[in-house]
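To start, the structure under review is shown below, and the notes come after it.
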Amino acid sequence: MLAFALRRGLTLALTAWLASVVVFAALELVPGDPALMMLGVNAQPDTLAALRAQMGLDAPPLDRYLRWAGGLLRGDLGTSLTYARPVADLVAERLVVTLPLALLSLVMSTAAAIPLGLLAAARRGRGGDWAVLGFAQIGVALPSFWIAILLILVFSVGLGWFPAGGFPGWEAGVWPALRALILPALALAIPEAAILARVTRTALLDTLGEDHIRTARAKGVGRAAVLLGHALPNALLPVATVLGLQLSFLVAGAVVVENVFTLPGLGRLLYQAIGQRDVIVVQGVVLLLAVFVVLVNALVDIACAAADPRPRALS
Amino acid sequence: MMQTRARRLAVAAGMALMAVPLMIATGTTGGPTAAWGQGRSDLVIGMPLEPPHLDPTAGAAAAIKEVTYANLFETLVRIDASGAMVPGLAQSWTVSADGLSYRFALRPGARFHDGAPCDAAAVKFSLDRARGAESVNAQKGYFAAIAAVETPDPHSVVVTLSRPDGLFLFHLGAGDAAIVSPASAAGNKQKPVGTGPFKFDRWVAGDRVVLARNPEYDGAKPALERVSFRFISDAAAQIAALKAGDVDAFLQFNAFEALPEFRNDPKFTVTVGTTEGETLLSINNARKPFDDVRVRRALAHAIDRKTLIDGVLYGNGVAIGSHFPPHRDGYVDLTGLYPYDPAKAKALLAEAGYPNGFDTTLRLPPPPYARRSGELIAAMLAEVGVRAAVEPVEWAAWLEKTFKGKDFDLTVIAHTEPLDIDVYARDSYYFNYRNPAFVRLEEELNRTQDAGRRKALYGQQQRMLAEDAVNGFLFMLPFVTVQNAKLSGLWVNRPVQANDLTGVAWK
């Protein structure tokens, strides 16, 4: 267990360091200057120089990287060049939108996908199976931003049940904030549920073909009990792996849906920061995401190991 | 049995899906009707871009001024809805005969939102800060002519210029010249403290900025108690927000294709006004083959502005023939100088030594007007043999390569600063136009206060630029607003970067 933790810790540090170097180098190499972005087309050379000095951009690249890395070791993510605010604050503000959104859509997709997968596996080759496979096919094929627009048209413009976008902030109350997240979560959940339902179905069918299932059936265990009691626990391993991947995607990759719903999430912060060449914010967010992905993967591994004794026995 | 039931289910689901857009199109769904404007004192404004911060004296982003100008911060001179200069923090002013000394009488009751008086010392602080060595003002050039700022008494300011500047007062009316308090200036980016009729309430980053009425304001108080600016960049989301009643008005609406739908809906009013945005096919005048005026004229003849305006703006735009807005005093109509004539364009290219045309690149920044114009222009240029490769870039890259690096052939961009024909007189500007005669006109313009003479000089400048075909002069960007029909007092035009909400009320 200690070796496992050590190995993971090392991976984490290495991933974070590599991510920060790559991000820093990439933003150094592509054309674009945050000071020029701020001052625009009438900027005079002396004003640009003054702002660059204020932003600390007059130092050589290596010094700037080391200054940032040094701050990081003291727990300081730095100050945004564009917003002139601590990156930690900016990220915290966005996380209170992104994390609830990701969790909500994860709950929605799991709640829909596992029963659907069970239904499809139980009715293999019959109507229920076809319906689930049809949903999965359509759900995977439809881009989430299109689903988002459709949901807005029906539930916001048409029925007026939900706002068409925006986020009032948690200080406006739990329900108003949650209400703003329901449609985006649904738009993200539908394609995720489609994938998850298919994975669940396939995993269940694979398990159902194994010897121990046949043994259980031969011993007289009922169909439903076999499916829920024997096949499902085994099938959950691949499902958990896919869930982990989806959670990582939901935290960083929801930028398109965030745009359609104008949600102030982490993905949009990152997107805007890249556009503004705000290297400090980009590095902070990427670092956070890298750590998050590594941690989620570790969690999934631990969960799988807990559920399945084989890898432990092998190592 | 199961198969047919499943198929029936699938057919029903498909029909339901198809019916959704149909319901929207015919408006058969219920829709929000409550609170459609009745007896309200709050307002939600939609705009496309979020400001990076809220200090108008430290950034070029138009969105900063669009939230703060006249609402939160005030200027000595104020630009009103018609573009005229009216009293702001200065209730009156006088200019010496030589145009070198300006005396402003300040509004005696003006106070900052934190209670500090807005007196001569604050004005001096603001102007000195904008022109000082440490200044990060995006329009520092506006203050370059200032030699000294004096405060003979707490309510008077005398500004002495080192050289005449015909636009000095006009520039004092820009958001970049906002008067700030020495006590709070450093924090204005996050917690702006101004003197305006609205004060800062809160900023939900990524979503909205909220302003509240300032009960201590020394002038006429606005009708609205609360104003929210919401930032929605996605065109589909803008339309949805309007239709769902999430925003009461959307300013600078650029989903032109959706305008007929809003025009036909009695709940909405659509206005198409003017901006100061001359949209150009900018040409690198220093680079071959564009250093030859015949080539530039050929490009001018190759562009069909009518088709461009129809295709890009769905007809909601006015063609220009030089770098000057038709709604401003001194405008000369030069749109007939280079009529659309591909044959003439080809002849001019042949005369310049390019009978078979040439290859070039057309770099396009992100705004939709630039991308759409670029695609159409590339096709029009291809008709006369100029093969322009379209290169879409982001803003940061555009600024760095095109604007700062001057490394480009052709690009499409709107120049949105008001009265900015002077950029052609600069030593080093990205389109590399150098004409001493134009510079002399600019110098005379700066010395001249007489309105008639100024108009004549502006006319000469416009003609010179058109004859030199410095850039492809395309059209004025329109200022389109879609608003709740019960709303009154929003500006129809945008003569300065501002969304002045002080006169807005519910009918």
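Can you pull the Kirkwood radius for chain B, inverse mean 1/r over Cα pairs, to one decimal in Å?
Roughly 24.9 Å, rounded to one decimal.
Starting at 0 and stepping by 5 Å, how many percent of the alpha carbon pairs of the stretch B:244-342 end up in each bin?
Spelled out per bin, shortest first, that is 2, 10, 16, 19, 15, 14, 10, 6, 4, 3, 1.
Output the pairs from B:K346/B:K406; B:K65/B:K199; B:K191/B:K507 with a Cα-Cα distance over 24 Å in this structure; if there are none, say none.
The answer is B:K346/B:K406; B:K191/B:K507.
Would you mind computing, in nm to one decimal, how far apart the modelled labels at B:K221 and B:L337 are, each placed 7 Å from Cα along Cα→Cβ?
5.3 nm
Using 1/(1 + (r/R0)^6) with R0 = 41 angstrom and r between the beta carbons of B:K288 and B:Q460, what's the FRET efficiency to the nearest 0.05?
E(calc), rounded to 0.05, equals 0.90.
Might you report the magnitude of the Cβ-based charge dipole of the protein assembly as shown about its Cα centre, with Lys and Arg at +1 and Asp and Glu at -1, to the nearest 20 debye?
2580 debye
Using only the Cα atoms, work out Rg/Rh for the stretch A:184-312, with Rh taken as the Kirkwood radius, to two decimals.
Result: Rg/Rh = 1.14.
Can you list the residues of the stretch A:98-132 with backbone N under 17 Å from a point 7 Å past the Cα of A:I138, pointing along Cα to Cβ?
Inside the label zone: A:112-113, A:116-117, A:120, A:127-132.
For B:D98, B:D310, what ranking results if the residue with the fewest other Cβ atoms within 10 Å of its Cβ goes first?
If I rank by nearby Cβ atoms, fewest first, I get B:D98, B:D310.
Excluding B:G173 itself, calculate the net charge of residues whose Cβ lies under 14 Å from the Cβ of B:G173, where each Lys or Arg counts +1 and each Asp or Glu counts -1.
That sum, taken over residues with Cβ under 14 Å, equals -4.
As a test, work out the antiparallel percent of DSSP beta bridges whose residues both lie in chain B, rounded to the nearest 5.
Among the beta bridges of chain B, antiparallel pairing accounts for roughly 75 percent.
Given charges of +1 on the Cβ of Lys and Arg and -1 on the Cβ of Asp and Glu, with all other atoms neutral, how large is the dipole of the stretch B:106-215 about its Cα centre, in debye to the nearest 20?
The calculated dipole for the stretch B:106-215 is roughly 300 debye.
Suppose we keep just the DSSP beta bridges with both residues in the protein assembly as shown; what percent of those would be antiparallel, to 5?
So the antiparallel bridges in the protein assembly as shown amount to around 75 percent.
Using alpha carbons only, how many angstrom separate the centre of the stretch A:38-80 from the centre of the stretch B:436-503?
Rounded to whole Å, the Cα centres lie 36 Å apart.
How long are the semi-axes of the ellipsoid equivalent to chain A, from square roots of 5 times the Cα gyration tensor eigenvalues, in whole Å, largest first?
44, 27, 14
With only alpha-carbon pairs counted, each pair once and no self-pairs, how large is the Kirkwood hydrodynamic radius of the stretch B:117-244 in angstroms?
When all Cα pairs of the stretch B:117-244 are included, the Kirkwood radius is 17.2 Å.
Give the whole-number value, in cubic angstrom per residue, of the convex hull volume spanned by the C-alpha atoms of the protein assembly as shown.
With only Cα atoms used, the protein assembly as shown gives 198 Å³ per residue.
Send over the Kirkwood Rh of the stretch B:374-477, from the inverse of the averaged 1/r over different Cα pairs, rounded to one decimal Å.
Taking the inverse mean of 1/r over all distinct Cα pairs, the stretch B:374-477 comes out at 15.8 Å.
Under a point spin-label approximation (7 Å from Cα along Cα-to-Cβ), what is the B:Q91-B:A319 distance to one decimal in nm?
5.0 nm
Picking from A:A43, B:A130, B:F200, whose Cα lies most toward the positive end of the charge dipole for the protein assembly as shown (charges on Cβ: Lys, Arg +1; Asp, Glu -1)?
Of A:A43, B:A130, B:F200, it is B:F200.
Helix-only estimate, please: 222 nm mean residue ellipticity of chain A, summing -39500 (n - 2.57) across DSSP H runs of length 4 or more and dividing by its residues, to the nearest 500.
Result for chain A: -24500 deg cm²/dmol, rounded to the nearest 500.
Structure shown: which of B:K189/B:K401; B:K124/B:K189; B:K288/B:K401; B:K189/B:K221 lie over 23 Å apart, alpha-carbon to alpha-carbon?
Those over the limit are B:K189/B:K401; B:K189/B:K221.
Return the lysines within reach of A:K219: Cα separation strictly under 25 angstrom, same-chain partners fewer than 8 residues apart disregarded; answer none if there are no such residues.
Within the straight-line limit of under 25 Å, A:K219 reaches no lysines at all.
Tell me, B:D119, B:D207 in order of fewest to most beta-carbon neighbours within 10 Å?
Sorted ascending by nearby Cβ count, the order is B:D119, B:D207.
Among B:T307, B:T448, rank each residue by its count of other Cβ atoms within 10 Å, from fewest to most, as a rough exposure measure.
The order, fewest Cβ neighbours first, is B:T307, B:T448.
Evaluate the charge dipole of chain B about its Cα centre and quote only its size in Debye, nearest 20, assuming +1 on the Cβ of each Lys and Arg and -1 on the Cβ of each Asp and Glu.
Computed charge dipole of chain B: roughly 980 debye.
For the stretch A:230-253 and the stretch A:1-34, write down the distance between their C-alpha centroids in whole Å.
Cα centres, the stretch A:230-253 to the stretch A:1-34: 25 Å.
For B:A414, which sequence-distant residues (separation of 5 or more, or a different chain) have an amide H within less than 5 Å of its own amide H, given hydrogens modelled in the peptide plane?
B:L280
If you line up the Cα atoms of the stretch A:102-253 on their principal axes, what length do they span on each, largest first, in Å?
Sorted largest first, the three principal extents are 58, 30, 24 Å.
Only the coordinates and a few stated rules stand behind these numbers; no lab work does. On a predicted model such as this, the values are computed, not experimentally measured, just so you know. Cβ sites come from the backbone with ideal geometry, for glycine too, and all protein chains shown count toward neighbours.
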